[in-house]
Amino acid sequence: MPDFTPAQRADPAEAGSVFDSLLRYDSGNARRACLDFLARSIEWAAQENKDRWGVTLFRRLVRLNAGWVQCFVVSQGEIHVLVEAASIPVGFHLEGRTYGRVPGYEMTTLALSDSARAFAALAECHRAAIVTSARFQTTSSIRSAHSPGIIRWLSGQLGRPLPDPSYSEEYRAKLGHLVEGGRKSYVLSRYEYDPRNRAKCLDHYGHACAVCGMTFEQRYGTGWKDCIEVHHLTPLAVVGKEHEVPVEDLRPVCPNCHTVIHGGPGLLSIQQAKALLNQADDEV
């Protein structure tokens, strides 16, 4: 069973503390390569099946499961990666651990310092292992132990949004009250976060999208006015602790523009999103 409570598993600060402990002896380049490797594995699992994976925080390791099979484990000084045994490159060694539901796939152990070279060499046979594993449903224990704090912390470290499994909102809802950014039991809505901050933003800026100017009231009628979303200019995962959010750090944005802001390799500013929109208008 996981070593953390649900509230702790949702806390990016707890995730950061565990990763700092596991990676403390490795150089900046090795640390970044390990985090990139894990992030790509998460993205592959989510692309294959949005609800058949989970990543779990333990005191001495971080584990990604696809289906019910562990596919990527970060431990002290090592990573363990599930690969297609028949296509593993020369120079890598299999642990001999097999799984009945995914025959032909085994774990290989790598030094964290070798993460960059390993990712380049093992990407294809590791992705094949994830694709096969994700054909099976995850267990209820893997779902309940999914640790959204890892996703938020990792997203902040890498500067790009990473997915959560589609079922995770069900488990976040069990944590109780809504708080932003602190080491408490909290749930963060994917778009609106704390409703009091949403109200503060809309009272200050109105309901028009800060990027394209669209309002739901004008487009669809009065009953749809509140469909506008609220964007944090500074992501909560970057701050990494509980804090008051000033209204100057919030902007109303429509769902389309919000997707563009978060959907690329890096977070776009409001001005950058406007520039993309203007460029697209010029090309039409």
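The values are calculated or read from the model by the stated rules, or taken from the named source; none is laboratory data. From a predicted model like this one, the values you see are computed outputs, not experimental measurements. With ideal geometry, Cβ positions are generated from the backbone for all residues, glycine too; neighbour counts draw on all protein chains shown. Note: accessible area is taken over every heavy atom of the protein model, side chains too, but ligands, DNA and RNA are not part of it. Shrake-Rupley method; radii C 1.70, N 1.55, O 1.52, S 1.80 Å.
Brief remarks follow.
- Cβ-derived FRET efficiency at R0 22 Å, Leu158 paired with Asp51, nearest 0.05: 0.45
- In this structure the chain gives 48 Å² per residue of accessible area when probed at 1.4 Å with all protein chains present.
- Annotation: Cα Rg of the stretch 27-161 relative to the compact-globule expectation 2.2 N^0.38 Å equals 0.97.
- Kyte-Doolittle at least -1.0, axis length at least 18 Å by Cα - qualifying DSSP helices, the chain: 28-48, 115-133, 270-283
- Cross-link check: pairs Lys225/Lys274; Lys241/Lys274; Lys50/Lys274 evaluated at a Cα-Cα cut-off of 27 Å; pairs beyond the cut-off: Lys241/Lys274; Lys50/Lys274.
- Distance between the stretch 75-127 and the stretch 207-270 - C-alpha centres, whole angstrom: 41
- Sorted largest first, extent of the chain alpha carbons per principal axis (Å): 62, 46, 37
- Relative contact order %, the chain, counting alpha carbon pairs below 8 Å whose residues are six or more apart: 19
- Positive minus negative residues near Arg135 (Lys, Arg vs Asp, Glu; Cβ under 13 Å): 0
- Within the shell defined by Cβ-Cβ distances under 14 Å, the residues around Gln70 carry a net charge of +1, with Lys and Arg each +1 and Asp and Glu each -1.
- Here the chain exposes an accessible surface that is 51 percent carbon and sulfur, computed with a 1.4 Å probe and the other protein chains kept in place.
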